[in-house]
1. Identify the residue in the range 300-337 that is under 14 Å from the mean Cα position of the chain (by Cα) and in contact (Cβ under 8 Å) with a residue 40 or more places away in the chain and, among all such residues, is nearest to the ligand (Cβ to nearest atom).
2. For the range 31-77, which residues satisfy the criterion of being within 16 Å of the ligand (Cβ to nearest atom) and outside any helix (DSSP H, G or I)?
3. Report yes if residue 210 is touching a residue at least 24 places away in the same chain (Cβ under 8 Å), in a helix (DSSP H, G or I) and over 30 Å from residue 163 (Cβ atoms), otherwise no.
4. Inside the range 157-184, can you point out the residues that are part of a helix (DSSP H, G or I) and touching a helix residue (DSSP H, G or I) at 6+ places or on another chain (Cβ under 8 Å)?
5. Answer yes if at least one residue in the range 349-357 is under 30 Å from residue 34 (Cα atoms), within 16 Å of the ligand (Cβ to nearest atom) and surrounded by 14 or more Cβ atoms within 10 Å (Cβ to Cβ), and no otherwise.
6. State whether the residues of the range 338-345 include one that is in a helix (DSSP H, G or I), closer than 22 Å to residue 171 by Cβ and either within 16 Å of the ligand (Cβ to nearest atom) or modelled with pLDDT of 95 or more (or both).
7. Is there a residue in the range 296-319 that is at pLDDT below 95, in contact with a helix residue (DSSP H, G or I) (Cβ under 7 Å, 6 or more places away or on another chain) and surrounded by 14 or more Cβ atoms within 10 Å (Cβ to Cβ)?
8. Please pick out the residue among 408, 446, 467 that is surrounded by 14 or more Cβ atoms within 10 Å (Cβ to Cβ), out of contact with any helix residue (DSSP H, G or I) (no Cβ under 7 Å at 6 or more places or on another chain) and either at pLDDT 90 or above or under 30 Å from residue 148 (Cα atoms) (or both).
Ligand code: ARG
């Protein structure tokens, strides 16, 4: 080991080593250190330091001259980090210790006062909360952009007829626009969840100190406002013990990923030749190293695949927190890697999904073709028997079943059956039945609130635009 690093070991011992005789083993240092991942909190920690120092000066806990030096030192550190000139080392454990140690190196004794009236426990909770907040704000914007892509595609396909599925069996005719708007609603709820989490997150832990508060006359309202929070957290013990904001962020991330995974799965299915509903853009697909003809839906598959690690991160943090007594325990340091990994992937998936969806080319011919295969207007026939022939629905269902059986045997669509043939199954049927058997008429008839009739889809589209994109 170099002399440089040995020097640092002696220095770190001075931060909390007053009661120690020996330095921690190298293995323990590495095990304990979080710097390799929590350095991502550097800018939040710098802001927090600035706000804390100004408040200490305002409350005459440090002098204004000391505060000036601290602010200058923090600015220098910020530049060092931005210019890649800042040295990170496991000896200094985490980002909070790194910044404090470097501050003292740069400005001398005033730096030793920055940790007055606070602890790393409230410090890490605050810096991490600020980071999570920024990520949630970004995710909300990305969700809006994704809705924009979906709405744009929906507007091209208000009238495009496709089979709607239940159990992945052909169920009833719907329009593609209606189907895509279903996802707009889902991602809309995700946006609401994100905004809701942001509201709940918006209280600052800073000033709770280790857990009990502090004997110094600090102003928690001031620091919280300076850091963009609406106020301080009420209870100092809760402030340093709470990671609900991570639960909120990871649970909503898991839900978003499940939604992304479902649309990915549909695109994977729809782009396979059996369906042929959609052509994936070359910009978001890949080829095969062996089969020259292939275009693979890797983007959608990766999104589907990454859903597991995001949901896993949520379970990871939930389980980590499960048995923890109040207040802070070092277990909580494990919250960050799970969050970083989940949100790095979530952000990537949202951006990829947005681009992929924006560039999709749908194939209405294939959709219509599949619709002809499996008696998608059978429910319309049953409804007709109820409406026009005064037959109770359960009975109408059974009659329609018999008609489908008959048509299947003859290998004909419902529309191609002759009136005589229908009458041989039930005498109450008349010529007007043929009006309800076409796919177009089936669609038009679905006028109940939220239904798939193209007139309603058009209206839903402008409503969605106004609600989600303005
Ligand atoms: N690096 C720690 C974390 O991420 C912060 C330090 C907590 N305080 C302590 N006394 N060990 O949770």
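1. Step one: list which residues in the range 300-337 are under 14 Å from the mean Cα position of the chain (by Cα), which gives 303-304, 306-314.
Next, from what is left, pick out any that are in contact (Cβ under 8 Å) with a residue 40 or more places away in the chain: 303-304, 306-307, 310-311, 313-314.
On the way: 303: 30, 304: 32, 306: 25, 307: 27, 310: 21, 311: 23, 313: 16, 314: 19 Å.
In this case the residue turns out to be 313.
2. 33, 34
3. Numbers: touching a residue at least 24 places away in the same chain (Cβ under 8 Å): yes; in a helix (DSSP H, G or I): no; over 30 Å from residue 163 (Cβ atoms): yes.
No.
4. Quick first cut of the range 157-184, residues part of a helix (DSSP H, G or I) only: 176-184.
Hits for the range 157-184 are 176, 177, 178, 180, 181, 183, 184.
5. Residues of the range 349-357 under 30 Å from residue 34 (Cα atoms): 349-351.
In the following step, the residues that additionally are within 16 Å of the ligand (Cβ to nearest atom) were identified as none.
No: the range 349-357 contains no residue that is under 30 Å from residue 34 (Cα atoms), within 16 Å of the ligand (Cβ to nearest atom) and surrounded by 14 or more Cβ atoms within 10 Å (Cβ to Cβ).
6. Step one: list which residues in the range 338-345 are in a helix (DSSP H, G or I), which gives 338-345.
This time we only want the ones that are closer than 22 Å to residue 171 by Cβ, so: none.
No, the range 338-345 contains no residue that is in a helix (DSSP H, G or I), closer than 22 Å to residue 171 by Cβ and either within 16 Å of the ligand (Cβ to nearest atom) or modelled with pLDDT of 95 or more (or both).
7. Yes, the range 296-319 contains a residue that is at pLDDT below 95, in contact with a helix residue (DSSP H, G or I) (Cβ under 7 Å, 6 or more places away or on another chain) and surrounded by 14 or more Cβ atoms within 10 Å (Cβ to Cβ).
8. Numbers: 408 fails: surrounded by 14 or more Cβ atoms within 10 Å (Cβ to Cβ); 467 fails: surrounded by 14 or more Cβ atoms within 10 Å (Cβ to Cβ).
That would be 446, the only listed residue that is surrounded by 14 or more Cβ atoms within 10 Å (Cβ to Cβ), out of contact with any helix residue (DSSP H, G or I) (no Cβ under 7 Å at 6 or more places or on another chain) and either at pLDDT 90 or above or under 30 Å from residue 148 (Cα atoms) (or both).
The values are calculated or read from the model by the stated rules, or taken from the named source; none is laboratory data. Remember, predicted model here, so these are calculated numbers, not experimental data. Positions of Cβ are generated from backbone atoms using ideal geometry, with glycine treated the same way; all protein chains shown enter the neighbour counts.
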